[in-house]
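Undergrad: Dropping the structure in here first, questions after.
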Amino acid sequence: MKIARLMQDGNETYGLIKDGNVATKDSMIHETSVPLPLNIMDFLFEGWYDEIKDKISSTSFQDDLKKFRLLDPLPNPSKIICLTFNYPKHAKEQNYVSTKEPVIFIKPRTTLCGTGSEILCPNFVKQLDYEIELAVIIGKTCKNIDEISAKDYIFGYMIFNDVSARDVQMEDKQFTRGKSFDTFAPCGPWITSMEEITNVDELQMTTRVNGEIRQNSSTNNMFIKIPSIVSKLSRVMTLEKGDIIATGTPEGVALNNPDTPFLKDGDRIDMEIEKLGKIQNTVKFID
C-alpha cells in the first residue's frame with residue numbers, strides 16, 4: 001500500500017493512495033469504525049496500520065489525489081542516516097571505492113520537504129548538486145539484528161534526494177554541513193509498504209534536470225544490499241521506528257563531471273524510482 005501525508009485547505013491529514021485516488025484518515029474512520037490517530041507516525045508505527053490492513057480491500061478511495069498537496073511523508077523521524085559511495089560507479093567518479101562497511105553521515109530532519117516544494121539554497125553556495133537515492137523506512141525498533149531478520153524491521157520505501165552543496169562539502173572535507181541546509185532532502189511522494197515491492201534490488205532509478213537525464217541506474221548496482229545495510233547499522237546504533245536510511249546514489253552527479261553543470265536557479269529536478277513513484281522539485285537561490 002502507498003501511504004501519504006497530505007495537505008488540503010491548510011489542514012494536514014494522511015491517507016492511502018490507489019490509482020490516483022485517496023482514502024483519507026476521516027473516510028477510513030467512517031468506513032472501518034477504527035478510531036485512527038491524528039498523526040501519520042502513530043498510524044504507521046503504533047499498530048493502527050496493521051489494524052486496518054484486512055479492511056483496505058473494502059475501503060472506497062473516493063477523493064481525487066489532485067485535491068491534495070503531498071507533504072514529506074514522515075515529519076519528525078528521529079534519524080536520517082545516509083550512505084556514501086554505495087554504488088561503485090559513483091564511487092569511481094569521485095575517486096573512491098565502495099567499501100564492505102557503510103560509510104555514513106546523518107542529515108537533520110529540517111532538511112525534509114515533499115514533492116512540489118522548492119529547494120531553497122543560499123546564494124553563497126556555488127556548487128549545488130542532486131543525488132537520487134532509495135530510502136528505507138524502519139518500521140520497528142531494532143538493535144544488533146542479522147541480515148536474515150532485517151526485512152522484519154523494514155516498513156517500506158520512498159524516493160530521497162540527497163541535495164548537496166559541494167563547495168561547502170569540499171571546504172569542510174566532510175559531508176554534514178554541505179548536506180544539512182533546510183529543504184536539502186526532498187522525498188516521497190509517499191511511503192510504499194514493503195509487501196508491494198517483490199524485489200527491491202531490481203528497481204530502475206532516474207534523475208532528470210530540466211528534462212535531461214542525468215542519472216540512470218538500478219538498485220541492483222548497490223554495493224551493500226539493504227538487509228546488510230540495516231543489519232550493519234543496527235550494530236552501531238539503535239534503529240528506531242520511523243528512521244530513514246538513504247542507501248546511496250548512482251553515478252551521474254555534477255561533482256567531478258566537467259560536462260555536467262551544477263544546479264542553478266529555476267532548475268526542475270524530476271526523480272523516479274520504479275514502483276515508488278516520482279518526485280519533482282524546483283531550485284530557488286535565496287539571499
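The values are calculated or read from the model by the stated rules, or taken from the named source; none is laboratory data. In this text, all values refer to a predicted model and were calculated from it rather than measured experimentally. Heads up, the Cβs are rebuilt from the backbone with ideal geometry, glycines too, and the neighbour counts pull from every protein chain shown.
Undergrad: Would you mind listing the strands (runs of 3 or more DSSP E) fully within the stretch 192-287 where at least 3 residues are under 23 Å from Gly116 (Cβ atoms) and at pLDDT 95 or above?
TA: So the answer is 204-209, 212-218, 268-273, 277-286.
Undergrad: Without any contact (Cβ under 8 Å) to a residue 40 or more places away in the chain, within 17 Å of Gly188 (Cβ to Cβ) and either surrounded by 15 or more Cβ atoms within 10 Å (Cβ to Cβ) or not assigned by TED's automatic domain parsing to the domain that holds Thr141 (or both): is that true of Asn11 in this structure?
TA: No, not satisfied.
Undergrad: Report, ordered by the first and then the second residue, all pairs with beta carbons closer than 8 Å, sequence separation of six or more or different chains, a first member in the stretch 30-51 that is over 15 Å from Ile3 (Cα atoms), and a second member that is of a type in the set (Ser, Thr, Tyr) and in a helix (DSSP H, G or I).
TA: Listed by first residue and then by second, the contacts come to Glu31/Ser58.
Undergrad: Take the stretch 52-102 and flag every residue that is of a type in the set (Ser, Thr, Tyr), over 28 Å from Lys2 (Cβ atoms) and in contact with a strand residue (DSSP E or B) (Cβ under 9 Å, 6 or more places away or on another chain).
TA: Thr84, Tyr96
Undergrad: Within the stretch 49-147, considering only strands (runs of 3 or more DSSP E) that don't extend past its boundaries, which have at least 1 residues that are out of contact with any Pro (no Cβ under 7 Å at 6 or more places or on another chain) and among the aromatic types (Phe, Trp, Tyr)? Spell out how you get there, then give the answer.
TA: Numbers: elements: 80-84, 103-107, 118-122, 132-138.
Output list reads 103-107.
Undergrad: Does the stretch 136-155 hold any residues that are more than 19 Å from the chain's Cα centre (by Cα) and of a type in the set (A, V, I, L, M, F, W, C), and which are they?
TA: Cys142, Ile145, Ile148 - these are the residues of the stretch 136-155 that are more than 19 Å from the chain's Cα centre (by Cα) and of a type in the set (A, V, I, L, M, F, W, C).
Undergrad: Which residue out of Ser234, Ser193, Ser217, Ser228 is buried (at least 20 other Cβ atoms within 10 Å of the Cβ), more than 17 Å from the chain's Cα centre (by Cα) and touching a residue at least 60 places away in the same chain (Cβ under 8 Å)?
TA: Every option except Ser234 fails the conditions.
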